[in-house]
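The values are calculated or read from the model by the stated rules, or taken from the named source; none is laboratory data. Just so it is clear, the model here is predicted, and its values are computed rather than measured. Because the Cβ atoms are built from the backbone with ideal geometry, glycine has one as well, and the counts that use them run over all protein chains shown. Note: accessible area is taken over every heavy atom of the protein model, side chains too, but ligands, DNA and RNA are not part of it. Shrake-Rupley method; radii C 1.70, N 1.55, O 1.52, S 1.80 Å.
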Amino acid sequence: MKRLDYPPIWLLGFMGLAWALNWVLTKAGLGFEAPYALKLLGGVLIAVGLMLMALAVFAMLRHRTTVVPHRVPVAIVTDGIYRLTRNPIYLGDAFTLVGFSLLFANSAGMLLVPVFMAVIQRRFIVEEESWLRTKFPAEFQTWAEQTRRWL
C-alpha cells in the first residue's frame, strides 16, 4: 500500500470523488452546468496550482533535495516560493482540486477540499516537518515562525 501513498494519487482520488459527487447530484436533478465565469476561475486555479507545484519542484531540485514524500530530505528549502508557504506543492494540489470542482460547479466537491488538506497534512506534512525539525532544528524553527504551513 505504501507504493500508492503519494500526494498525486490522493489528489486523483479526491478529483474522482468530486467528479462522482457531481455525477450523483446531476442524476438526482441537483446538478447544474457551470457558468463560464466559474469554469474560467476553475481553469485559473488549476493553472495557479500547477505553477505552485512547478516552482516548488524547481526550488527543491536547485537545492538537490528530494521531492518524493517518505524520503528524508538532505536540505531544507526556505527560499523562493517556500518563503510564502511551507507546502507549495500540497497547496498547489489543493488549488487544483478547487479548480477541478469549480469546472463542474460542484459544491459537494468544494467540501472535499478541507478533507483533502487534512489527509495530506496527516499522511505527509507531519512526517516531513518532523524530519526537518530533527535535521535542521534552528533553520526549521525560524522558518516555521515566519512562514505559514498553507497560506
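Counting protein heavy atoms only, segment 32-143 has 69 percent of its accessible area on carbon and sulfur, 1.4 angstrom probe. For the chain, the relative contact order comes to 33 percent (Cα pairs under 8 Å, sequence separation of at least 6). Rolling a 1.4 Å probe over the protein heavy atoms gives segment 1-137 an accessible area of 57 Å² per residue.
Relative protection proxy for 130-143, 79-92, 39-52, from highest mean packing down: 79-92, 39-52, 130-143 (other beta-carbon atoms within 10 angstrom). Relative protection proxy for 28-35, 15-22, 96-103, from highest mean packing down: 96-103, 15-22, 28-35 (other beta-carbon atoms within 10 angstrom). The ratio of the alpha-carbon radius of gyration of the chain to the globular-protein estimate 2.2 N^0.38 Å is 1.14. Across the options 106, 24, 50, the greatest Cα extent toward the positive end of the charge dipole of the chain (unit charges at beta carbon of Lys, Arg, Asp, Glu) belongs to 50. Taking 7 Å steps out from each Cα toward its Cβ at residue 74 and residue 54 produces label points 2.6 nm apart.
In terms of its C-alpha gyration tensor, segment 69-123 comes out prolate, because a/c is 1.5 or above and the ratio a/b outweighs b/c. Under a model in which nothing but the beta-carbon of Lys, Arg (+1) and Asp, Glu (-1) is charged, the chain shows a dipole of about 240 debye around its Cα centre.
Approximating the spin labels as points 7 Å out from Cα along Cα→Cβ, the residue 20-to-residue 44 distance works out to 3.2 nm.
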